[in-house]
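What follows is calculated from the coordinates using simple rules that are stated; it is not laboratory data. Remember, it's a predicted structure, so these values are computed and weren't measured experimentally. Neighbour counts run over all protein chains shown; Cβ positions are idealised from the backbone, glycine included.
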Amino acid sequence: MPKHGKKYRSAIEGRDIAEIFTLEDAVAKSLGASFAKFDETVDVAICLGVDPKYSDQMVRGAVTLPHGLGKTVRVAVFCKGDKEAEAKAAGADFAGAEELVARIKEGWLDFDKAIATPDVMALVGQIGRVLGPRGLMPNAKTGTVTFDVATAVKETKAGRVEFKVDKAGVLHAPLGKVSFGPEKILDNLKSLLDTVNRLKPATAKGTYMKAMAVSTTMGPGFKVDPTTIKKFLEG
């Protein structure tokens, strides 16, 4: 029984899977290899020269992509008083404190991103075991624990991407939809790489961005020549 379907096998037919490309070519080929009937998401995987088991080599942050992600993001804000009205005015889908926590304890999770003001984090901590595994727990390092809820909501709605290197030293992030075309995907990728580059740990040794691959939801991955990354960022 084949591991992949006919369309996937057709997309990689006659291709050397070890071949590497410039960033521009990898993005173009990834978009060209998309075959799903829906508008696939374009993703990037970056292997970083860090050891995440050491806290001073953890790479984590967030970036607002210039062209967004091409999807509607439902935002829940944990806050009280005037901040609740501020959050809703900025476009939050849900805002509140005790009542939101109570709903989540009952199993409600109809939102994609969560933001919280610092004064309610003790309350949010009660549902940390629910939010954490789903990547929904607000975190100060990614700007989702803040009193400036209006800015946080607007940035999240506009296409704010949070990222965190995994145990293997690989960082995964979405770049938008196939329908964006190569130019917008490359703009989004540059914003992401600029941010990741700025977050390079002082203790990281050797090459920082060791390897990279671009793919779509259903399509094959296209490896990037790491020597072209610096040129792309400088350009």
Would you grab the residues whose amide H sits under 5 Å from the one on Val77? Only those 5+ places off in sequence or on another chain, please, with H modelled 1.01 Å from N. Phe94, Ala95, Gly96, Ile115
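Let me spell out the model: positive unit charges on the Cβ of Lys and Arg, negative unit charges on the Cβ of Asp and Glu, origin at the Cα centre of the chain. What dipole size does that give, in debye rounded to 20?
The dipole of the chain has a size of about 580 debye.
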Leaving out same-chain residues fewer than 8 places away, which aspartates and glutamates sit with a Cα under 20 Å from that of Lys157? Asp39, Glu40, Asp43, Glu84, Glu86, Asp93, Asp110, Asp112, Asp148, Asp187
Would you mind calculating the gained length between Phe35 and Ala85 on full extension (0.36 nm times residue separation, minus the Cα-Cα distance), in nm to one decimal? 13.6 nm
Links exceeding 24 Å between C-alpha atoms in this model, out of Lys167/Lys200; Lys37/Lys230; Lys37/Lys210; Lys71/Lys231; Lys164/Lys200, come to Lys37/Lys230; Lys37/Lys210; Lys71/Lys231
Starting from the 7 Å offset along Cα-to-Cβ, what nm value, one decimal, do you get for the label separation of Arg60 and Asp187? 3.1 nm
About the Cα centre, and with charges only on the beta carbon of Lys, Arg (+1) and Asp, Glu (-1), how big is the dipole of segment 130-193? Nearest 20 debye, please. 120 debye
For Lys205, go through the aspartates and glutamates and keep the ones whose alpha-carbon is under 16 Å away, minus same-chain ones fewer than eight residues off. Asp51, Asp56
Leading residue at positive end of dipole, the chain (Cβ point charges), from Ala152, Val75, Gly235: Gly235
Please report the net charge: other residues with Cβ closer than 10 Å to the Cβ of Val178, K and R +1, D and E -1. -1
The chain, helix-only ellipticity at 222 nm - DSSP H runs n ≥ 4, -39,500 (n - 2.57), divided by all residues, nearest 500: -8500 deg cm²/dmol
For segment 56-200, what's the relative contact order in percent, using C-alpha pairs closer than 8 Å and at least 6 residues apart? 39 percent
Would you mind putting 56-63, 154-161 in packing order, based on average other-beta-carbon counts within 10 Å, highest first? 154-161, 56-63
